[in-house]
Amino acid sequence: MPNLITRTFQRATSFAVDWNNIDGSAGSVGGGVDAVGQTQKRRNPSGKVRHLDDEVKDKTRKGITLSARNVTRNFETAAWAIRKHLDFVSRFTFNAKTGNDSFDKEIESFVRWWGRPENFDVTGRHSLLKTIRMAEGSRCIDGDIFALKISSGRIQMIEGDRVITPTDPKLKFNDDLIFNGVETTVSGRPKRYALHARKRNGGLEFSRWVPRRNLFVHGFFDRFDQQRGLSPLVASLNRFQDVYENFDYALARSKVAQLFGLVITRDAVENGFGTVTGTDTDADGVDDKFDVKLGTRPMVLDLDPGEGAEFLENKTPAVEFQQFTDTMIAVALKSLDIPISFFDETKGNFYGNKSAVTLYLQSARDKRDDVQELLRKLTIWRLRLAIEDGDVVLPRTITSMEDIAFEWIPAGIPWFDPRDVRGDVDAIKAGLKTREQVRRDRFGDSWMEDVVPVLEAEQRVIEERGLRLTMEAPPIQVVSTEELELETESR
């Protein structure tokens with residue numbers, strides 16, 4: 001019996017995976033790395049493992065930027081994906097939290113004043129909140145963007161393609177320590193950035209070196225050795241471009257199909273010589289022909305027995321083409337973590353769409369943190385200037401910038417269903433949530449700062465005028481699926 005078992009096991013492993021073979025040889029599992037060892041099943045990656053900024057140099061970055069700007073400028077779906085990303089990631093509300101109510105109001109008032117276009121943007125065109133939305137959009141397309149600090153307290157935004165390695169031989173810098181316009185120390189810390197100006201006829205020319213301390217960098221960074229940001233859209237640019245081109249091809253084919261409209265058939269007459277001809281009903285020596293013009297008015301065809309008419313139909317675009325296009329769009333949207341139900345609400349039911357929003361918010365949290373960090377740096381820099389200029393007077397309890405507590409609250413997600421309201425109320429009663437948390441999650445502001453003062457004012461008016469108001473909501477009736485099926489069957 002032992003010999004039989006041994007022979008059976010050996011026979012099985014001749015065509016199965018040998019899990020006991022751990023020497024890393026071909027066909028084995030456990031010793032080697034299957035992703036690079038199975039050369040007969042897939043193509044091995046070529047090239048060297050290099051610095052990311054060496055893999056994506058200035059010329060390559062320029063091509064990526066041109067492609068991304070072109071597809072988001074001309075393709076509605078790509079432009080919508082960027083806007084939807086911005087709706088969730090770039091909306092914030094400022095809230096001071098020093099504990100000193102009068103000083104908090106003073107800071108919030110100053111930030112509102114600073115956030116106006118004429119006080120924030122060096123060009124006077126964009127407000128603080130609009131600039132942040134545009135900066136995040138530029139980060140998605142170009143990979144990164146730079147906020148240059150001006151001594152007047154304003155900001156000049158520098159688009160990513162304006163920072164490149166200088167080509168002027170007169171400029172001296174260490175070739176081994178410059179990466180796509182960023183000169184670094186030996187340890188990799190940025191020292192200065194090569195800022196270029198745009199020419200009116202296109203192209204760039206070197207303007208000046210900007211020290212690291214004079215600007216803030218906002219970009220997508222996935223590797224520790226990375227000096228320049230790289231857009232997540234890089235993974236989906238080909239998909240967006242292919243779908244965009246396929247739409248044009250499908251539309252052109254559909255237009256061509258409309259040029260061939262009506263087909264008329266008739267019974268042929270066989271003569272005595274074995275050939276088939278048409279019918280000459282008017283004795284003019286020429287077979288009859290149909291001369292049909294499709295106009296804008298209704299048309300009636302008076303056909304003889306045996307004759308027929310039908311319209312050509314090539315089913316353009318085909319159902320398979322539409323399904324494949326939907327798949328391509330869904331895959332492309334994944335580069336920004338956007339679920340397909342955002343693009344097409346018919347893809348799922350209410351609960352499926354709601355769960356998609358919940359999962360998407362988890363992935364958006366990291367991107368929100370990046371925007372909040374940019375806002376934090378900008379706010380601290382501007383408040384420091386305001387204190388030095390005397391525009392903001394510190395109370396005695398505030399001794400340093402660390403004591404000026406504030407936060408930028410991200411925009412909330414409103415309730416989808418009345419049951420969501422009841423769920424939040426129950427969570428508050430059970431001590432699982434606070435009113436402050438619910439207000440932040442749903443409206444993106446503070447319950448203590450934005451709601452309580454309004455409630456107090458409303459209560460004073462109600463008491464002064466002797467109003468009697470009922471605020472209790474009626475109970476929500478939840479109907480089970482079985483009850484709905486029984487009611488449908490009875491109908």
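Every number here is computed from the coordinates shown, using simple stated rules; none is lab data. Remember, predicted model here, so these are calculated numbers, not experimental data. Glycine gets a Cβ as well: all are built from the backbone with ideal geometry, and neighbour counts include every protein chain shown.
A few comments on the model shown:
- Selection from segment 386-408 of residues that are within 17 Å of R376 (Cβ to Cβ) and assigned to a helix (DSSP H, G or I): A386, I387, M401, E402, D403
Okay, residues lined up against (1) free of Cβ contacts under 8 Å to residues at least 12 places away in the same chain; (2) under 22 Å from the mean Cα position of the chain (by Cα):
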position	(1), (2)
E407	no, no
D417	no, no
G423	yes, no
A427	yes, no
G431	yes, no
R440	no, no
G444	no, yes
M448	no, no
V454	yes, no
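- Residues in segment 417-441 that are among the basic types (K, R) and closer than 23 Å to D104 by Cα were compared, and the one that is surrounded by the fewest Cβ atoms within 10 Å (Cβ to Cβ) is R435.
- Members of segment 327-359 found to be crowded, with 18+ Cβ neighbours inside 10 Å and under 18 Å from R91 (Cα atoms), listed by number: L336, I338
- Once segment 174-187 is narrowed to residues that are under 23 Å from A147 (Cβ atoms) and surrounded by 13 or more Cβ atoms within 10 Å (Cβ to Cβ), the residue that is nearest to the chain's Cα centre (by Cα) is N180.
- Considering D58, D53, the condition of being over 27 Å from A405 (Cα atoms), of a type outside the set (S, T, N, Q) and buried (at least 20 other Cβ atoms within 10 Å of the Cβ) is satisfied by D53 alone.
- Note on segment 311-326: residues that are surrounded by 11 or more Cβ atoms within 10 Å (Cβ to Cβ) and among the β-branched types (V, I, T) total 2.
- Within segment 202-244, the set of residues being of a type in the set (D, E) and either surrounded by 14 or more Cβ atoms within 10 Å (Cβ to Cβ) or more than 27 Å from K149 (Cβ to Cβ) (or both) comprises D242 only.
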